[in-house]
Amino acid sequence: MSDNNPWTRTRKQLHIAARRFPIDPLLLARLENHDRIVEVSVPLKMDDGSVAVYQGFRVQHNNDRGPYKGGLRFHPNVDKDEVKALSFWMTMKNAVINIPFGGGKGGITINPKDLSHAELERLTKEFTRKLAPFIGPEVDAPGPDVGTNGEIMQWIREEYEKITGASAPAVTTGKPIKKGGSLGRTEATGLGGYYALLAILRMMKRKPEGLTVAIQGFGNVGSFLAEYLEEAGMRVVALSDSKGGIYIPSGIASMHEVQRCKEKTGKVSGCYCIGSVCDIGNIKELGGREISSEKLLELPVDILVPAALENALTKENAKRVKAGIILEMANGPTTAEADGVFKSKGITVIPDVLANSGGVAVSYFEWYQNMRGEHWSKKEVFKKLKEKMDSACEMVHDISLQYKVPLREAAYIRALQSLSAKTAGVKKNGSGKKRMK
Ligand code: NAD
């Protein structure tokens, strides 16, 4: 299997960290394998009366630290190895950010844009019927990921409650606010990445003001992150999505306007804004140019942010990356070989399991509020999120100094320490199940 296979890569990453740390071979074996892989067919009646059958997965990697937790992805590239890797990363991530969840992930191999709204709802509810015996607030609570959103999480909750006959708001997270979602969840991953970047910059004794940034992927994560970076005085010079991107070396003036333009035109490309007028006609005046999503990765910037999908940074393009810092907002954007190149070039990689953990941190806050019938203000959520991100970054940074290893390896060591402590406790208590209070 190639380096681009994310599941092969996770095992390499696990073994690299495990070499540095005396890990129980039983725990290592359990982390190398999954607790359960649920593979289902999802038949769907289309609006025209025809029937299509899609393939769906829910992979439950490990629940030593609490219920399985991780997103559901609706995307044409979803396959078993991808979901296996993503669920493993969730176990690591939840341990690094120190929330009482294990790791899971799921998805359907489909392009949701090809479906009508009604078809998407029927597909989601059929998928929920297949998953219902395996999920639940204290068992496995899915959240949104690429191609899914709050409405889809609410459909899952509705169907699950219909099947079980009980109220279960915490069976999913990332729900709309009026349906039990947490304030601040939509912004959480981007904001968490921003907090992580500021924390690491502080430890590197670097000021954020004036640093240039290129962001690949202007969806939920990339767009919120871009706004926070802009507010902090950083200069976002390039943005892209699946249809291409824009590059303005002097800085993109208003993320908010670019966002509005993207909502209107369906793409970032061409969104050259002067005031509220965003048009390709402004390109010359702004000194900008159109750029492909691939070329964006090679721009001369201080900070590069892959915020789209896996395997954006490979052995082919890694040597052409000029950024000094890579903030991994996507899951698994860097192949193992690319990681090696970055290490040898002295590039600081803030790894996915740390950088994008703000999303699942606030998912945990949502789950916690749902379980206790509480409602926190956005200010409270953001304060708690910052505390979590700062403390995880400090911990990982300290380990990286102690073991003289890059941040990714340090994050894995941190996760393994935390999982080891948990399983040691499990042995003492004689039970593998976490009891919910
Ligand atoms: P999204 O669907 O909202 O946005 C994805 C963006 O990436 C879109 O703008 C899409 O056009 C773009 N894209 C797709 N292929 C591309 C390509 N080849 N080049 C450039 N852009 C491309 O998804 P999201 O929620 O923003 O998630 C983005 C990444 O962040 C994913 O890897 C996801 O797993 C990860 N992540 C998301 C969350 C979350 O809370 N949403 C949490 C943790 C990690």
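The values are calculated or read from the model by the stated rules, or taken from the named source; none is laboratory data. All values reported here derive from a predicted model rather than from experimental measurement. Cβ placement follows ideal geometry from the backbone for every residue including glycine, while neighbour counts extend to all protein chains displayed. To get the accessible areas, we keep the full protein, side chains included, count just its heavy atoms, and leave off ligands, DNA and RNA. Shrake-Rupley method; radii C 1.70, N 1.55, O 1.52, S 1.80 Å.
For the structure I just gave you, tell me whether G193 is touching a helix residue (DSSP H, G or I) at 6+ places or on another chain (Cβ under 6 Å), buried (at least 19 other Cβ atoms within 10 Å of the Cβ), assigned by TED's automatic domain parsing to the domain that holds V305 and closer than 21 Å to G71 by Cβ. So G193 passes the test. I want to confirm something. Restricting to the range 348-380 and keeping residues that are hydrophobic (A, V, I, L, M, F, W, C) and away from the ligand (no atom under 12 Å from the Cβ), which single residue is farthest from L191 (Cα to Cα)? That would be M371.
Could you count how many residues in the range 173-196 are assigned to a helix (DSSP H, G or I) and over 13 Å from the mean Cα position of the chain (by Cα)?
Total satisfying the criteria: 6.
Considering only the range 223-244, I want to know if a residue exists there that is part of a helix (DSSP H, G or I), under 22 Å from the mean Cα position of the chain (by Cα), small (G, A, S) and not assigned by TED's automatic domain parsing to the domain that holds V146. Within the range 223-244 (the criterion being part of a helix (DSSP H, G or I), under 22 Å from the mean Cα position of the chain (by Cα), small (G, A, S) and not assigned by TED's automatic domain parsing to the domain that holds V146), the answer is yes, since at least one residue qualifies.
Evaluation of V146 against the conditions (1) among the aliphatic types (A, V, I, L, M); (2) open to solvent by 10 Å² or more (accessible area, probe 1.4 Å); (3) at pLDDT 95 or above shows that the sole unmet condition is (3).
Scanning the range 307-344 for residues that are open to solvent by 30 Å² or more (accessible area, probe 1.4 Å) and of a type outside the set (D, E, K, R) yields a total of 8. Applying the set (1) part of a strand (DSSP E or B); (2) in contact with a Gly (Cβ under 7 Å, 6 or more places away or on another chain) to A85 leaves exactly one unmet item: (1).
Counting only residues that are acidic (D, E) and in a helix (DSSP H, G or I), which one in the range 345-381 is surrounded by the most Cβ atoms within 10 Å (Cβ to Cβ)?
Taking the candidates together, the pick is E366.
If you filter the range 295-325 down to residues that are among the hydrophobic types (A, V, I, L, M, F, W, C) and not in a loop (DSSP other than H, G, I, E, B), you find that the one that is nearest to the ligand (Cβ to nearest atom) is L296. Each residue in the range 259-294 was checked for being within 25 Å of the chain's Cα centre (by Cα) and more than 12 Å from the ligand (Cβ to nearest atom), and 2 pass.
Exactly one residue out of S87, S116 is in contact (Cβ under 8 Å) with a residue 24 or more places away in the chain and either surrounded by 24 or more Cβ atoms within 10 Å (Cβ to Cβ) or hydrophobic (A, V, I, L, M, F, W, C) (or both): that is S87. Does P112 meet the test of being at pLDDT below 95 and not basic (K, R)? Against the criterion (at pLDDT below 95 and not basic (K, R)), P112 does not qualify. Within the range 44-80, count every residue that is outside any strand (DSSP E or B) and open to solvent by 10 Å² or more (accessible area, probe 1.4 Å). Within the range 44-80, residues that are outside any strand (DSSP E or B) and open to solvent by 10 Å² or more (accessible area, probe 1.4 Å) number 11.
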